[in-house]
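Reviewing the structure listed below.
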Amino acid sequence: MPVITYRKALNDALAEELTRDENVVILGEEVAQYNGAYKVTEGLWKRFGDKRVWDTPISEAAFVGLGVGASMMGLRPVVELMFWSFAFVAYDQVVNNAGCIRYMSGGLVNLPMVIRGPANGGTNVGATHSHTPESILAHNPGIKVVCPATAYDAKGLMKTAIRDDDPVFVMENTLLYGETWEVPEEEYLIPLGVADVKREGADVSLIAHGRATITSLKAAELLAQEHNIHAEVVDLRSIRPLDEDAILRSVRKTHRAVLVDENKPFCAVSAQIATIIQQKAFDDLDAPVLRVCSLDAPAIYSPRLEKLQLPTPERVVEKVLSLV
Amino acid sequence: MEALLETKTLAAAKINHGLTAEKKIHFLRQMLRIRRFEQTALKQYQTSGQIGGFLHLYSGQESVAVGTLSLCGENDHVIAGYRMHGHALTAGMSMNECMAELFGRATGCSKGKGGSMHFFAPDKNFWGGHGIVGGQTPLGLGLAFGLKYKGLKGCCLCFLGDGAVNQGAYHESLNLAALWDLPVIYIIENNQYSMGTSLERSSAFSKCLAARAEAYDIVWDHVSGEDLYEVRAKTWTAIQRAHTESRPTVLEIATYRYFGHSVSDANAKKYRRPEEIEKYRTLHDPIQLWQKRLLEEEVLTEAQATELDAAAAAEAEEAVRFAKESPIPNPADIFSDVYSEVDRQTAAGQTGKFFFND
Ligand SMILES: Cc1ncc(C[n+]2csc(CCOP(=O)(O)OP(=O)(O)O)c2C)c(N)n1
């Protein structure tokens, strides 16, 4: 099976969907002639031309809103935010419009659109460029939020997102763009709302999404090698819809859960997961549900410290050891 | 600064020249329907206790919606702000579905989920009222983008208030509209107030809001909302520009609202002198002026006018009856219409959970 980068997998997904459906258009800052700030859209403008791939001015409110309006008209826009942190500039369009219009129209208006781009920190670009907005956005019904952790997932989820009739926010991770995974050549789709057990284990469940999944896999490896503890790693893949069954299945098997989450702890995605576990699997637990989140401060610039601010495999290991 | 457009011909303008008596009377009928609908809704708001939230009345501005929308063809689309009862009714929505929406009933146009600021009728090319001031302006861009992308000869009429002109989203939209040659027409309904703040207190260059479009190389014009002929003539010029050159236009239509910002405007009587309101109501009312004109043109009789008005009032009363007798939505419906996928029960919807309780 070919081994490709997360970035290339996304690029392939976009190219395949542009080819398949002429209603798909790509919009965003520097996505066309510049080939994308993170090169996710590399080559697409050259291949598909001016009509399909559009460089926008730096006007998040205008081009996200334009995407919403175009989807009303039956197109399937894929709007790139150079960083998900910039969604705050277009928060009205993202939450009030993409999130509420279907409801407020009594189901008369569908919004088949994707908003995508890199989220989360880790690249030493400071607080304004390192937000983890998935909890803030997934908080709002009407929106779907997916956070792929591998190239395989990124491609399959992106293709599904583009074909979905609801607004889907795809949160990619800057630190994963250059990482490689096996990705089959033949076409595949991954449904939204289906978690993936990335590693089987019997002693503790590590439940994560996005890059925290990779951190959890490294932690699981350390736990197995150094402590003979077998952690199961559940990758949520999609935050809304959320695969509750997969979470509960794993917790009922291992009886212990550590939630690994690059969100800040307060009102984080993992806070929601903890609620679900304590409500629905309380009797199955042998220990309290614990979390490893980003440290509760705006993202720090200092390269050495930012590494510590994000969840690390070592912090996960430490948390697991406190449980068993 | 001077408007670029010169459409002095007005009544004689091509688009008005061929108007039949029937059409002219129809415009009167539409304006009366808006006025009566709102008058009735206001009364219900105050007496029945069954209409909640805001109720932003359009009374005084009817000629804007009726004049502009009268020119819309098959591929012309409309999107509006929150003061949109007039646009909705003119677009062809029924009083019944609109009144029922105000009453929060299941028979409402949005099944009771949208309320006063949020009527939608995509089948009539009406893409809704939008509650965030200026938030609809980029959506209008997107509608125009979609039309252009599909190669359809159409445009989007996007309505906003004089207050919305100060929103960043609007300026971003102007830039993009001009840059990408999008067939969007921004129609500023300048009723001189945004809530309790007058134009002088909110706009740096209050004499000409439309002129700001010049900075984006967009053609603009001033229009008097008192005269349906003028509204139509100048809107037609803009629509032609959109259809043939795919270029945007900004029109600023001078108009006035009679009631407070909304029914719950606590200061409705404080920021405008009563004499000012009285002056507009008596001397500048677009409905009275149009009616007078049609009488002068001898296409209408007094008796006919009275009849039209009575019919509009009766239609509104009937809408109240319809609304009151309609069921309230089922509590389970709180969870429908959130996601297309949930309503259609697709595979993924069955695996993942969309809704969460505490
Ligand atoms: C972003 C935003 N800010 C404030 C409000 C509250 N608000 C609603 S309408 C309004 C006044 C808008 O005036 P204008 O655009 O002139 O429209 P008009 O009421 O005159 O039709 C305000 C302040 C809002 N709905 N959205």
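Structure values in brief
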| quantity | calculated |
| --- | --- |
| Residue check, A:LEU108 surrounded by fewer than 23 Cβ atoms within 10 Å (Cβ to Cβ) and either at the interface with chain B (Cβ under 9 Å from one of its Cβ atoms) or at negative phi (or both) | yes |
| Pair list, Cβ under 8 Å, 6 or more apart: the range B:102-115 residue in contact (Cβ under 8 Å) with a residue 40 or more places away in the chain, other residue basic (Lys, Arg) | B:PHE103/B:LYS324; B:GLY112/B:ARG105 |
| The range B:157-168, residues that are assigned to a helix (DSSP H, G or I) and more than 9 Å from the ligand (Cβ to nearest atom) | B:GLY168 |
| The listed residue being more than 21 Å from B:LEU141 (Cβ to Cβ), assigned to a loop (DSSP other than H, G, I, E, B) and in contact with an Asp or Glu (Cβ under 6 Å, 6 or more places away or on another chain), out of B:SER206, B:SER264 | B:SER206 |
| Test set (1) surrounded by 24 or more Cβ atoms within 10 Å (Cβ to Cβ); (2) away from chain A (no Cβ under 13 Å); (3) out of contact with any strand residue (DSSP E or B) (no Cβ under 9 Å at 6 or more places or on another chain) - B:GLU74 fails condition number | (1) |
| Residues of the range B:183-202 that turn out to be farther than 30 Å from B:ASN267 by Cα and out of contact with any strand residue (DSSP E or B) (no Cβ under 8 Å at 6 or more places or on another chain), as a count | 0 |
| For B:PRO138: the one exception among (1) more than 7 Å from chain A (Cβ to nearest Cβ); (2) more than 9 Å from the ligand (Cβ to nearest atom); (3) assigned to a helix (DSSP H, G or I) | (1) |
| Which numbered condition A:ASP92 fails, given (1) among the acidic types (Asp, Glu); (2) within 14 Å of another protein chain (Cβ to nearest Cβ); (3) touching a strand residue (DSSP E or B) at 6+ places or on another chain (Cβ under 7 Å) | (3) |
| Among the candidates B:GLY53, B:GLY67, residue that is within 14 Å of another protein chain (Cβ to nearest Cβ) and either away from the ligand (no atom under 16 Å from the Cβ) or over 21 Å from B:ASP309 (Cβ atoms) (or both) | B:GLY53 |
| Options A:ILE143, A:ILE162; residue that is closer than 25 Å to A:ASN35 by Cβ and modelled with pLDDT of 95 or more | A:ILE162 |
| Residue tally, condition away from the ligand (no atom under 16 Å from the Cβ) and among the small types (Gly, Ala, Ser), over the range B:241-283 | 2 |
| Flag for B:THR68 being crowded, with 24+ Cβ neighbours inside 10 Å, at pLDDT 95 or above, touching a Ser or Thr at 6+ places or on another chain (Cβ under 6 Å) and among the polar types (S, T, N, Q) | yes |
| Residue within the range B:99-116 that is polar (S, T, N, Q), under 27 Å from B:GLN240 (Cα atoms), within 16 Å of the ligand (Cβ to nearest atom) and crowded, with 24+ Cβ neighbours inside 10 Å present | no |
| Check on A:LEU14, in contact with an Asp or Glu (Cβ under 8 Å, 6 or more places away or on another chain), buried (at least 22 other Cβ atoms within 10 Å of the Cβ) and closer than 15 Å to A:VAL170 by Cα | no |
| Whichever residue in the range B:178-202 is aliphatic (A, V, I, L, M) and at the interface with chain A (Cβ under 9 Å from one of its Cβ atoms) and, among such residues, is nearest to the chain's Cα centre (by Cα) | B:LEU182 |
| All positions within the range B:177-197 that are surrounded by 24 or more Cβ atoms within 10 Å (Cβ to Cβ) and either more than 10 Å from the ligand (Cβ to nearest atom) or part of a strand (DSSP E or B) (or both) | B:ALA177, B:LEU182, B:PRO183, B:VAL184, B:ILE185, B:TYR186, B:ILE187, B:ILE188, B:GLU189, B:ASN190 |
| So B:VAL133, is it within 17 Å of the chain's Cα centre (by Cα), at pLDDT 95 or above, within 10 Å of the ligand (Cβ to nearest atom) and part of a helix (DSSP H, G or I) | no |
| Tally of residues being over 14 Å from A:SER130 (Cα atoms), surrounded by fewer than 16 Cβ atoms within 10 Å (Cβ to Cβ) and not β-branched (Val, Ile, Thr) across the range A:306-324 | 5 |
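Table: residues versus (1) in contact with an Asp or Glu (Cβ under 9 Å, 6 or more places away or on another chain); (2) closer than 30 Å to B:ALA121 by Cβ; (3) within 14 Å of another protein chain (Cβ to nearest Cβ).
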| position | (1), (2), (3) |
| --- | --- |
| A:ASN23 | no, yes, yes |
| A:VAL31 | yes, no, no |
| A:TRP45 | yes, no, no |
| A:ALA61 | yes, yes, yes |
| A:MET73 | no, yes, yes |
| A:ARG76 | yes, yes, yes |
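Residues checked against (1) of a type outside the set (S, T, N, Q); (2) more than 14 Å from chain A (Cβ to nearest Cβ); (3) loosely packed, with under 12 Cβ neighbours inside 10 Å; (4) without any contact (Cβ under 8 Å) to a residue 24 or more places away in the chain:
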| residue | (1), (2), (3), (4) |
| --- | --- |
| B:THR301 | no, yes, yes, yes |
| B:ASP309 | yes, yes, no, no |
| B:GLU315 | yes, yes, no, no |
| B:PRO329 | yes, no, no, no |
| B:PHE335 | yes, no, no, yes |
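Residues are listed down the side, and each one gets a yes or a no for (1) crowded, with 24+ Cβ neighbours inside 10 Å; (2) within 14 Å of another protein chain (Cβ to nearest Cβ); (3) aliphatic (A, V, I, L, M):
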{"site": "A:ARG240", "(1), (2), (3)": "yes, yes, no"}
{"site": "A:LEU248", "(1), (2), (3)": "no, yes, yes"}
{"site": "A:CYS267", "(1), (2), (3)": "no, yes, no"}
{"site": "A:THR275", "(1), (2), (3)": "no, yes, no"}
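The values are calculated or read from the model by the stated rules, or taken from the named source; none is laboratory data. Bear in mind that the values here come from a model prediction, so they are computed numbers and not experimental data. Neighbour counts run over all protein chains shown; Cβ positions are idealised from the backbone, glycine included.
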